[in-house]
1. Have a look at 173, 166 and point out the one that is surrounded by 20 or more Cβ atoms within 10 Å (Cβ to Cβ) and part of a helix (DSSP H, G or I).
2. With the condition kept exactly as written, say whether any residue in region 485-497 is touching a helix residue (DSSP H, G or I) at 6+ places or on another chain (Cβ under 8 Å) and within 16 Å of the ligand (Cβ to nearest atom).
3. Being surrounded by 19 or more Cβ atoms within 10 Å (Cβ to Cβ) and either within 13 Å of the ligand (Cβ to nearest atom) or more than 16 Å from residue 360 (Cα to Cα) (or both) is the filter here; which residues of region 409-423 pass it?
4. Looking at 443, 393, can you tell me which residue is at pLDDT 90 or above, part of a loop (DSSP other than H, G, I, E, B) and within 36 Å of the chain's Cα centre (by Cα)?
5. Could you grab me the full set of residues in region 556-570 that are in contact with a helix residue (DSSP H, G or I) (Cβ under 8 Å, 6 or more places away or on another chain) and farther than 15 Å from residue 392 by Cβ?
6. Can you name the condition, by its number, that residue 20 falls short on among (1) surrounded by fewer than 16 Cβ atoms within 10 Å (Cβ to Cβ); (2) at pLDDT 80 or above?
7. Taking helices (runs of 4 or more DSSP H) that fall entirely within region 88-161, which contain at least 3 residues that are more than 16 Å from the ligand (Cβ to nearest atom)?
8. Which condition from (1) surrounded by fewer than 18 Cβ atoms within 10 Å (Cβ to Cβ); (2) at pLDDT 90 or above; (3) away from the ligand (no atom under 16 Å from the Cβ) is the one that residue 426 breaks?
Ligand code: ADP
């Protein structure tokens with residue numbers, strides 16, 4: 001997705017500014033209408049107090065006379081109230097428009113932000129997720145975006161409204177009474193300075209609050225994901241306590257934020273009320289001196305209160321904008337994260353599946369240990385090759401490098417004699433069907449999970465893939481067979497069923513390369529045999545890479561590679577390796593002895 005991160009809250013409104021302008025103008029019309037009320041009220045009071053229609057507005061006096069035949073105080077007041085009501089209702093229509101424009105603009109911006117975030121999270125380099133905290137990322141995509149939405153939905157308009165009100169009210173005040181007009185602004189500088197200090201403080205405290213909320217979300221997410229482990233290890237008490245600490249930290253920080261806002265509100269209220277009090281006090285003196293009428297003072301007081309309210313409201317605007325600046329910063333950290341490079345033109349057609357590693361060395365990052373050390377290996381198209389070796393010897397890493405999830409430091413990796421660094425990543429990954437030890441399944445139906453492998457696959461292909469993966473019978477036993485929901489909302493699959501469903505998904509993909517990364521570990525040996533037999537019937541159709549700890553999975557492979565500390569230490573077929581003194585022979589002997597002992601135990605149990 002083409003985008004550039006927004007550096008500030010002004011840039012973020014790009015593309016929606018006309019809507020905001022519309023909202024501010026609608027707000028202007030509303031304010032003008034609301035502003036007409038004190039005018040009309042002021043004239044009405046003067047007419048009644050002075051008992052003289054010369055104080056009334058000529059237009060109101062004429063219209064009232066035309067309507068009621070003769071001019072009376074009651075008729076004039078009624079008519080004034082009616083006009084004020086109609087004007088206020090007219091203003092109400094524009095208030096609706098204001099809300100509509102502002103909501104459209106803010107919702108569009110936040111939707112775009114969410115999409116940009118989601119898209120970027122799908123395209124960042126794989127190493128980003130080695131250190132990223134899922135809960136924190138969720139917080140950035142939800143809560144931080146929401147903070148910005150709140151600011152965009154109302155605060156921008158409030159800023160426009162305050163400016164507009166000042167611009168409308170000041171000329172009116174100046175025409176009514178210049179002395180009171182300036183007096184009504186005398187405490188504004190103090191409010192402005194206070195607001196600026198408050199803004200900086202809010203930013204600082206909100207940053208801490210937002211981060212503590214993210215830490216709490218991360219703990220929650222981690223616990224929900226690993227709830228089974230937590231229960232299995234009876235760690236509920238510990239985890240609840242840990243969550244309680246994060247929760248308390250969030251509460252304390254949030255409380256500080258609310259306290260800060262409370263101080264500001266209280267102080268700004270004091271200033272605002274003092275401002276009104278000063279104008280009222282001095283205005284009363286002017287009335288006593290005879291230099292101001294009661295109606296004028298009413299109109300001035302109402303206008304000053306109208307301006308003071310949005311100015312006071314700037315405190316909220318400042319709080320929200322302080323929060324929005326912090327949230328935008330956190331969002332930008334994701335949006336500026338480097339993406340995987342994309343070679344634009346994918347090679348045409350389907351790969352043959354020939355893989356060549358040439359003096360490949362790899363480490364997960366500079367300063368980190370070398371995980372693959374000078375690997376040279378040619379895998380012919382259609383070959384079945386197995387990798388065995390102790391945990392951490394680099395077997396899975398080899399696949400990650402092949403998929404271009406991580407860039408390698410030296411040597412070359414080729415697919416069909418073409419350097420993989422020059423191949424479009426998406427196309428490259430489409431050539432490989434991977435089944436992991438702990439596969440991820442969507443909380444969707446069985447059919448939808450299979451469709452991830454090949455959308456729109458014919459029914460007979462789906463059945464064949466499920467049969468080869470030995471999951472077809474299990475699916476048939478589900479209440480809704482292929483429509484059964486997987487996961488929280490549906491059937492709970494055993495580890496072996498999950499692996500077999502994931503295998504069926506990969507078989508359905510029918511990619512030129514199939515990788516089984518310890519993906520039959522949770523399957524019983526009988527089923528494993530059935531699956532391997534089905535896979536051997538597919539032999540030659542695709543290059544098959546089997547990573548396994550159980551040697552029964554690799555015995556039939558064309559070649560077996562033994563890895564240790566990132567180096568190839570043995571290479572050959574089962575018969576040769578089993579007959580050669582070395583790690584494979586030792587592993588085979590240990591596993592053979594283990595299997596024999598298990599079988600003996602089973603036999604004893606069955607007899608007794
Ligand atoms: P195997 O599949 O043989 O069990 P791996 O290829 O998963 O081993 O891991 C090889 C080594 O690389 C291990 O020492 C492991 O700790 C390290 N490693 C694996 N993934 C990462 C990663 N994302 N960042 C840093 N080191 C890693």
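The values are calculated or read from the model by the stated rules, or taken from the named source; none is laboratory data. Quick caveat, the model's predicted, so the values are computed rather than measured. Note that we place each Cβ from the backbone using ideal geometry, even for glycine, and neighbour counts take in every protein chain shown.
1. Working: 166 fails: surrounded by 20 or more Cβ atoms within 10 Å (Cβ to Cβ).
It is 173.
2. no
3. 423
4. Values: 443 fails: at pLDDT 90 or above.
It is 393.
5. Listed by number, the residues that qualify are 556, 557, 560, 570.
6. (1)
7. Values: elements: 128-131, 134-139, 145-150.
Result: 134-139, 145-150.
8. Of everything listed in (1) surrounded by fewer than 18 Cβ atoms within 10 Å (Cβ to Cβ); (2) at pLDDT 90 or above; (3) away from the ligand (no atom under 16 Å from the Cβ), residue 426 misses just condition (2).
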